[in-house]
Amino acid sequence: MSLLKNRQLVRWIIVIASFAIISLILWNTYTFFQKFKDEERAKMEIWSNAQKIFSSDENNPNFDFLIKILNSNNTTPILVINADGSISNYNNIDYDGDDASAFVKKNKDKLIKQFESENIPIEITYTDTKTQEKVLFSKLYYGNAPLLNKLKYYPLALLLIIFLFGAVAYFFYRSSKIAAQNKLWSGMAKETAHQIGTPLSSLIGWAEILKTENVNPEYIVEIEKDIDRLQTITERFSKIGSLPTLEKTDIVKETKDTYDYLKSRSSKLINFTLKLPEEPIYVNLNKQLYSWTIENLVKNAIDAMKGKGDLTIVMTQLENNLKINVIDTGKGLTKNQFKTVFEPGYTTKKRGWGLGLSLAKRIIEDFHGGKIKVAQSQIDKGTIMQIALKTV
């Protein structure tokens, strides 16, 4: 128990530490982004002042220095609009075509809106000598530099990488856990087969003794059927966890044998109907596992009908495609349940492990290369479960 608690504590420590590291990285990225924007604005304010001096005083002794400042901006996109709405200056704007001036004039309003969404425009004003009031000379609209735009998406890229890493770790952990569970179930199944083997051998011996006694032969026949059934169940459990051997088998005969056994041991309130082709149909099959699949489908159908109703098994062949339909008149399924009924642990019954259809799906699809699905179902009218296999 203490080991389990320690493991859980370590996991929580890792989760909290990871969250703290991610938060710190995102905060530092955000802080750096804001600092970069502040520096960009300070640079634009210097540029706007240089533009103001350059435009108002052509005889300024610092003319060469002003030109140097104005030409120093080779990354940040800018657009200077005069008070009357005309374009005074622009630079570093990506445009389509060869004529930058025509592009800027055509998309002036769009560029202004874009730059305003990225940064607050800077007003370039001058002081009226008569009224001593500040008068708007022009407005400097500027966008984010390419490096700043790239940095803006860095946190999203980081979160995506972390999410993908977490998903990979989760699926790896889940796969390892499922593999361990499968190994445990396989071991339990093989141990169950081993435990059944001892009393089964004894039952075979007692059946032979009963043959020498004055016992009704019909009783002996039924006992031998149940012994054969126990042997089949033992073989089924012994095959779990290992790749089963497939042999060319008459599936019509195997279906009929399983049907006859289940019918004789089911409620008399179930009306059984079997529709099989008269000619043999050969399929690469594992007899025990196929019989297990039919048994699971039939038992589920009987449970769905609550022990009373019509159950039909129909086998049809079209070229090398074989379909086996198990039809019941039970409570039916909703469309949302068509796939979930095959998931391990899913069950609509008060009792049960929810493994029957999951095993059936694995047997048919993984071992036999076929398909199993809910072909049709209506609430309170019934369900058609369908197996599709290839003939040989």
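Values for this structure:
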| item | result |
| --- | --- |
| Residue within the stretch 229-243 that is modelled with pLDDT of 85 or more and open to solvent by less than 50 Å² (accessible area, probe 1.4 Å) present | no |
| Members of the stretch 138-165 found to be in contact (Cβ under 8 Å) with a residue 24 or more places away in the chain, among the aromatic types (Phe, Trp, Tyr) and open to solvent by 80 Å² or more (accessible area, probe 1.4 Å), listed by number | 154 |
| Residues satisfying the stated conditions in the stretch 299-331, i.e. among the β-branched types (Val, Ile, Thr) and within 13 Å of residue 255 (Cβ to Cβ) | 312, 313, 314, 316, 324, 326 |
| Selected residue (only one of 296, 321 is under 38 Å from the mean Cα position of the chain (by Cα), open to solvent by 30 Å² or more (accessible area, probe 1.4 Å), of a type outside the set (Lys, Arg) and under 21 Å from residue 373 (Cβ atoms)) | 321 |
| Enumeration of residues in the stretch 115-124 that are surrounded by 15 or more Cβ atoms within 10 Å (Cβ to Cβ) and without any contact (Cβ under 8 Å) to a residue 40 or more places away in the chain | 115, 118, 121 |
| Top-ranked residue in the stretch 296-325 [being basic (Lys, Arg) and part of a loop (DSSP other than H, G, I, E, B); ranked as modelled with the highest pLDDT] | 308 |
| Residue count, the stretch 36-52 (criterion: among the hydrophobic types (A, V, I, L, M, F, W, C) and touching a residue at least 60 places away in the same chain (Cβ under 8 Å)) | 3 |
| Count of the stretch 264-301 residues which are in contact with a helix residue (DSSP H, G or I) (Cβ under 9 Å, 6 or more places away or on another chain) and either touching a residue at least 40 places away in the same chain (Cβ under 8 Å) or hydrophobic (A, V, I, L, M, F, W, C) (or both) | 24 |
| Residue that is surrounded by the most Cβ atoms within 10 Å (Cβ to Cβ), among those in the stretch 258-293 that are charged (D, E, K, R) and in a loop (DSSP other than H, G, I, E, B) | 265 |
| Given (1) of a type in the set (Ser, Thr, Tyr); (2) under 48 Å from the mean Cα position of the chain (by Cα); (3) modelled with pLDDT under 75, index of the condition residue 131 fails | (2) |
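The values are calculated or read from the model by the stated rules, or taken from the named source; none is laboratory data. Computed from a predicted model, the values in this text were never measured in an experiment. A quick note on method: Cβ atoms are made from the backbone with ideal geometry, for glycine too, and the neighbour counts reach across all protein chains shown. Surface accessibility is based on the protein's heavy atoms, side chains included, excluding ligands, DNA and RNA. Shrake-Rupley method; radii C 1.70, N 1.55, O 1.52, S 1.80 Å.
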